[in-house]
1. Of the residues 36, 84, which single one is part of a loop (DSSP other than H, G, I, E, B), without any contact (Cβ under 8 Å) to a residue 12 or more places away in the chain and away from the ligand (no atom under 11 Å from the Cβ)?
2. Within the stretch 3-24, is even one residue more than 16 Å from the ligand (Cβ to nearest atom) and either among the hydroxyl-bearing types (Ser, Thr, Tyr) or closer than 30 Å to residue 187 by Cβ (or both)?
3. Identify, from the list 26, 81, 43, the residue that is farther than 29 Å from residue 128 by Cα and buried (at least 19 other Cβ atoms within 10 Å of the Cβ).
4. Restricting to the stretch 85-122, give me the number of residues that are among the hydrophobic types (A, V, I, L, M, F, W, C) and within 14 Å of residue 66 (Cβ to Cβ).
5. Mind listing whichever residues of the stretch 46-61 are surrounded by 19 or more Cβ atoms within 10 Å (Cβ to Cβ) and either part of a helix (DSSP H, G or I) or not aromatic (Phe, Trp, Tyr) (or both)?
6. Could you tell me whether residue 44 is more than 14 Å from the ligand (Cβ to nearest atom), in contact with a Cys (Cβ under 8 Å, 6 or more places away or on another chain), under 20 Å from residue 190 (Cα atoms) and of a type outside the set (Ser, Thr, Tyr)?
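Nothing in this text is a laboratory measurement; each read-out follows from the coordinates by a stated rule. Keep in mind the model is a prediction, meaning the values are calculated, not measured. Please note: Cβ atoms are built from the backbone with ideal geometry, for glycine as well, and neighbour counts cover all protein chains shown.
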Amino acid sequence: MRSLGLFSYRCAGCGQLARTTCEHCASKIALCPTPNCSDAIVALSYDGLVRDLMLAFKYQNHRTLATLFADHLVSILRKTAEINSVDVVTWVPTTCERRIARGHDQAETLARLIGRLLGIPVRKLLIRETVGHQTGKSRENRLIGISLRARSMNTPITVLVVDDVVTTGATMRSAQRALYQAGAASVICAAVASTPAPAPRR
Ligand SMILES: [Zn+2]
């Protein structure tokens, strides 16, 4: 029997053997409608194929998926008027534990690609702060417990903050607040995908 080889790759969308995301899945993504999201400029709805590809990107660090998502979000951003005023691209940092477990910070990977595509510098402006121990807190407290701080800015600049998936919007609001407190003139939020309906609050 012929071995598939160590470096064989399967399309993260449909499982067929392909060197990158297969053409069929890539074209499906290109045709996905842009969802309505009040928290950020969003390219895709986080379900079905998008969800499968996003999970593969996060946990298997498929570079081709990062490019696919970044290209798609950039094409949406280029249709907005705000994009022309952006001075710096940054990202919502993931937790240190997740970055180590996954081998990369997926939001940083996206921000760096997006910055390159747009020709805008990318800077690490946001720092995630640990607020006490998460153990023993209720789910709601854990959700609220996202604390972000931003490096202070010498001049008031317009910042594009990038994340992979927007769920409740709490993280984006926290990032926005931190950047304004640090002296940003304007903050534009963008994400590859948003969950179709707001997560239920308990
Ligand atoms: Zn496929």
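1. Among 36, 84, only 36 is part of a loop (DSSP other than H, G, I, E, B), without any contact (Cβ under 8 Å) to a residue 12 or more places away in the chain and away from the ligand (no atom under 11 Å from the Cβ).
2. Filtering the stretch 3-24 for residues more than 16 Å from the ligand (Cβ to nearest atom) gives 3-7.
Checking which are either among the hydroxyl-bearing types (Ser, Thr, Tyr) or closer than 30 Å to residue 187 by Cβ (or both) leaves us with 3.
Checked against the condition, which is being more than 16 Å from the ligand (Cβ to nearest atom) and either among the hydroxyl-bearing types (Ser, Thr, Tyr) or closer than 30 Å to residue 187 by Cβ (or both), the stretch 3-24 yields at least one hit.
3. Result: 26 is the single residue among 26, 81, 43 that is farther than 29 Å from residue 128 by Cα and buried (at least 19 other Cβ atoms within 10 Å of the Cβ).
4. 8
5. Within the stretch 46-61, 50, 53, 54, 57, 58 qualify.
6. Considered against the rule, which asks whether it is more than 14 Å from the ligand (Cβ to nearest atom), in contact with a Cys (Cβ under 8 Å, 6 or more places away or on another chain), under 20 Å from residue 190 (Cα atoms) and of a type outside the set (Ser, Thr, Tyr), residue 44 comes out as yes.
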